[in-house]
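Worksheet for the structure shown next.
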Amino acid sequence: MSQTNKSYRKLFDVLLSDDDLVTKQLIKNINEEYDKHHQPNFKAIERNVLEIREINCPYCGSFSFVSNGHTKNGTQRYRCSCGKVFSAASNSLFFGTKVNINAWHSFIEGIVSETSTKAACIKAKISYTTGHYWMKKIFKVLENFQNNIVMNGNIYLDETYVGVEESKEKKIYNKKMRGLSKNKICIVLMNNGEHVLAIKCGFGRPKEDKYYQTCWRHIKEGSTLIHDEEHVHNVLIKELNLKSRAYNAAGGKILKELAMKELQPINDECRKLKYFLSKHKGIDKDNIQDYLNLYSFITNCKMKDENLYFASNLLLKLLFLADAKIKFRDVIK
Ligand SMILES: [Zn+2]
């Protein structure tokens with residue numbers, strides 16, 4: 001059983017009744033930590049927003065406004081020339097949430113260290129409902145993260161497949177479909193030592209058209225493709241004028257060993273992605289691209305700087321910079 005907000009409160013009630021000193025001290029510490037994660041700290045958020053970007057009116061975009069007293073949270077209020085009143089956080093993803101910056105930081109640290117969302121919630125001492133809502137915000141800011149990644153040099157490429165939820169499996173004559181059926185989501189993975197890409201490419205074995213549409217914008221013409229000779233790769237090689245280094249494992253023991261060795265970087269990437277997805281089991285596979293964006297974000301950050309602080313700090317910054325507003329009620333139904 002994991003802690004929920006309710007069980008925390010029950011736990012804190014023990015503080016009043018338990019006579020044991022050690023227990024009392026322990027619960028007192030947990031209580032203090034809990035409070036640190038639950039008191040909204042609007043001032044800290046305001047400070048962060050002001051440090052990261054120039055603020056403007058969230059209603060009309062204007063930069064011409066004057067100070068106008070304080071909000072009831074103690075943060076600076078402004079009045080725009082358009083007549084509307086706003087504060088520094090009103091244009092950010094944090095708008096309207098009783099948010100605590102420590103809790104966000106703990107949560108993000110959990111997520112970028114590739115634990116499950118559940119584990120990140122426990123670390124941040126927030127409910128799963130809140131955690132689910134925060135994930136939506138994170139997905140929103142990472143939505144276009146992979147759009148501008150273009151690979152050059154030696155590019156490893158492969159596909160990996162994950163099954164759809166059992167409830168959504170299509171059946172033939174009431175029997176499970178075998179092999180790379182429509183019940184498998186195809187994910188294209190690329191790695192060139194500098195970047196990683198993970199993109200959904202439909203269901204089952206990809207068709208040439210779809211494959212080309214998914215990949216072409218991410219590969220620079222004239223690059224070298226290192227791959228397993230899968231037929232569908234030919235369309236990229238031809239259209240983008242790529243050099244090809246292909247290793248086919250199907251031609252006997254020696255060729256298999258060679259392929260295993262030469263394709264190890266991309267095989268490792270596939271394994272890492274599957275491990276990452278396994279941590280988020282129970283995810284809605286319709287939204288798998290959100291998780292692929294997150295995987296790509298974390299991996300690309302790690303390739304720049306091994307220290308997880310780099311990734312968590314960047315993600316927090318992106319959340320502060322984001323203009324998109326997601327309302328709690330739009331996510332939780
Ligand atoms: Zn305005």
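All of the numbers you see were taken from the coordinates with simple rules; none came from a lab. In this text, all values refer to a predicted model and were calculated from it rather than measured experimentally. Reconstructed Cβ throughout: ideal geometry from the backbone, glycine too, with neighbour counts over all protein chains shown.
Write out the chymotrypsin sites (Phe, Trp or Tyr not before Pro) in segment 1-82 meeting two conditions: DSSP loop, and at most 14 other Cβ atoms within 10 Å of their Cβ. It would help to have the intermediate numbers written out before the result.
Numbers: sites: Tyr8, Phe12, Tyr34, Phe42, Tyr59, Phe63, Phe65, Tyr78; in loops: Tyr59, Phe63.
Filter output for segment 1-82: Tyr59, Phe63.
Would you mind checking the pairs Lys6/Lys182; Lys10/Lys137; Lys170/Lys302; Lys140/Lys238; Lys253/Lys279; Lys10/Lys140 and listing those with alpha carbons more than 32 angstrom apart? Check vs 32 Å cut-off fails for Lys6/Lys182; Lys170/Lys302; Lys140/Lys238; Lys253/Lys279; Lys10/Lys140. Residue exposure proxy: His280, His38, ordered by other Cβ atoms within 10 angstrom of their Cβ from fewest to most, comes out as His38, His280.
Taking 0.36 nm per residue of sequence separation and removing the Cα-Cα distance, the Lys72/Ala119 pair yields an extension gain of 13.6 nm.
Using a 7 Å offset from the Cα along the Cα-to-Cβ direction at both Lys207 and Lys272, what is the distance between the two label points in nm, to one decimal? The two pseudo-label positions are separated by 3.3 nm.
Within the chain, what's the longest run with no GluC sites (Glu not before Pro) in a DSSP loop and at most 11 other beta-carbon atoms within 10 Å? Give the range, please.
Details: sites that count: Glu54, Glu221, Glu306.
Between exposed loop sites, the widest span is 55-220.
Between rounded, prolate and oblate, where does segment 42-91 land on the alpha carbon gyration tensor, with a ≥ b ≥ c its root eigenvalues, rounded for a/c under 1.5, else prolate if a/b exceeds b/c? It comes out oblate by the Cα gyration axes.
Taking the square roots of 5 times each eigenvalue of the Cα gyration tensor of the chain, largest first, gives ellipsoid semi-axes of 44, 27, 19 Å.
Report the calculated FRET efficiency for Glu143 and Ala246 (r = Cβ-Cβ distance, R0 = 30 Å), to the nearest 0.05. With R0 = 30 Å, the Cβ-Cβ based efficiency is 0.35.
Please report Leu15, Leu319, Leu292 as a ranked list, fewest other C-beta atoms within 10 angstrom at the top and most at the bottom.
Numbers: Leu15 15, Leu319 20, Leu292 24.
If I rank by nearby Cβ atoms, fewest first, I get Leu15, Leu319, Leu292.
A Cα-only calculation for segment 224-333 places Rg and Dmax at 19.2, 58 Å.
Against the empirical curve 2.2 N^0.38 Å, the C-alpha radius of gyration of segment 45-160 lands at a ratio of 1.40. The lysines within cross-link reach of Lys243, meaning a Cα-to-Cα straight distance under 25 Å and a gap of 8 or more places when in the same chain, are Lys200, Lys207, Lys210, Lys220, Lys256, Lys261.
The distance from the alpha carbon centre of segment 197-221 to that of segment 257-273 is 19 Å, rounded to a whole number.
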